[in-house]
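**Student:** Questions regarding the structure given below will be posed in turn.
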Amino acid sequence: MPPTVPQPRSSPDAAPGPADAALAQRYARELGWATAGRAPLRLLTGALFDVLELPAEAGHAVLRRGVRTGPALLSGTRMGLLVAAGGADELPGLLDWLEWGPVALDLTAVGAGGRVTAPPLPGAPGDSPGAAVWLRPPEPRRAPERMLPALAGFGSSGGDAPDLVRLVDAAATECHRVRLSRARSGAPTRGGTDQPLAFS
């Protein structure tokens, strides 16, 4: 008997199913955004935008504070705030500059080569429970650099784009508040648990 040849497994980058293919076409047509994979479809980061990821609780607090943001998505217990491409690379330096560097925050970034779950665009039928959703959807046919938080040059007003420094500072503050709240209640926190908490 010839040896059994293992059957290929479906790859996360396999061709999307009909619903995902339709969503991928809408992302390409309406926003010019690249997607990949299937169930769930993923948005590719690093070319047109990066994503700051933080606990949903902290993200909702940032949105309530009125800090100018770009599009915001919710995926399970995590919120993603879209920022200008390159923002992921700036995050560690910004946290250090804002004096958050020594504090273990549950604030990360997805940049070049990364992927985030693609929520259905507004008007899409059949949103599945628990899937990613847009809290602040992107605006079709609007240049991404105009709606995404970016670093403004020193002495520059930064144009119409929201300010990345203010957004990172607000996100770090709210992540720290969530961490302190969880520590007081005894709830587990993501990240290093043996690092001392910073109180302010």
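**Student:** Quick check on this structure: which one of PRO120, PRO55 is buried (at least 18 other Cβ atoms within 10 Å of the Cβ), out of contact with any strand residue (DSSP E or B) (no Cβ under 7 Å at 6 or more places or on another chain) and under 27 Å from ALA24 (Cα atoms)?
**Tutor:** PRO120
**Student:** Follow-up question, since we're still on this one. Those residues that are in contact (Cβ under 8 Å) with a residue 24 or more places away in the chain and either outside any strand (DSSP E or B) or not β-branched (Val, Ile, Thr) (or both), I need them from region 49-59; list them, please.
**Tutor:** Answer for region 49-59, where residues must be in contact (Cβ under 8 Å) with a residue 24 or more places away in the chain and either outside any strand (DSSP E or B) or not β-branched (Val, Ile, Thr) (or both): PHE49, ASP50, LEU52, GLU53, LEU54, PRO55, GLU57, ALA58, GLY59.
Let's see how each residue does on (1) open to solvent by 40 Å² or more (accessible area, probe 1.4 Å); (2) part of a loop (DSSP other than H, G, I, E, B); (3) of a type outside the set (A, V, I, L, M):
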{"site": "ALA61", "(1), (2), (3)": "no, no, no"}
{"site": "ARG68", "(1), (2), (3)": "yes, yes, yes"}
{"site": "ALA88", "(1), (2), (3)": "no, no, no"}
{"site": "ASP96", "(1), (2), (3)": "yes, no, yes"}
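**Student:** Condition first: at pLDDT 95 or above, surrounded by fewer than 18 Cβ atoms within 10 Å (Cβ to Cβ) and closer than 22 Å to ALA171 by Cα. Can you find one or more residues in region 36-50 that meet it?
**Tutor:** no
**Student:** What do you reckon, is VAL103 open to solvent by less than 30 Å² (accessible area, probe 1.4 Å) and either among the hydroxyl-bearing types (Ser, Thr, Tyr) or over 16 Å from GLU174 (Cα atoms) (or both)?
**Tutor:** no
**Student:** Look through ALA19, ALA118, ALA84 and report the one residue that is at negative phi, over 12 Å from the mean Cα position of the chain (by Cα) and in contact (Cβ under 8 Å) with a residue 24 or more places away in the chain.
**Tutor:** ALA19
**Student:** Right, here's the next one. So which of THR108, THR69 ends up being within 13 Å of VAL165 (Cα to Cα) and touching a residue at least 24 places away in the same chain (Cβ under 8 Å)?
**Tutor:** Checking each option against the conditions leaves just THR69.
**Student:** What are the residue pairs meeting all of these: first residue in region 35-48, first residue in contact (Cβ under 8 Å) with a residue 40 or more places away in the chain and within 16 Å of VAL133 (Cβ to Cβ), second residue open to solvent by 20 Å² or more (accessible area, probe 1.4 Å) and of a type in the set (S, T, N, Q), Cβ atoms under 8 Å, and 6 or more apart or on different chains?
**Tutor:** PRO40/THR117; LEU41/THR35; LEU41/THR117; ARG42/THR35; ARG42/THR117; LEU43/THR35; LEU43/THR117
The values are calculated or read from the model by the stated rules, or taken from the named source; none is laboratory data. Here the structure is a predicted model, which means the values were calculated and not measured. Every residue, glycine as well, gets a Cβ built from its backbone with ideal geometry; the counts of neighbours run over all protein chains shown. We work out accessible area using only protein heavy atoms, side chains counted, and drop any ligands, DNA or RNA first. Shrake-Rupley method; radii C 1.70, N 1.55, O 1.52, S 1.80 Å.
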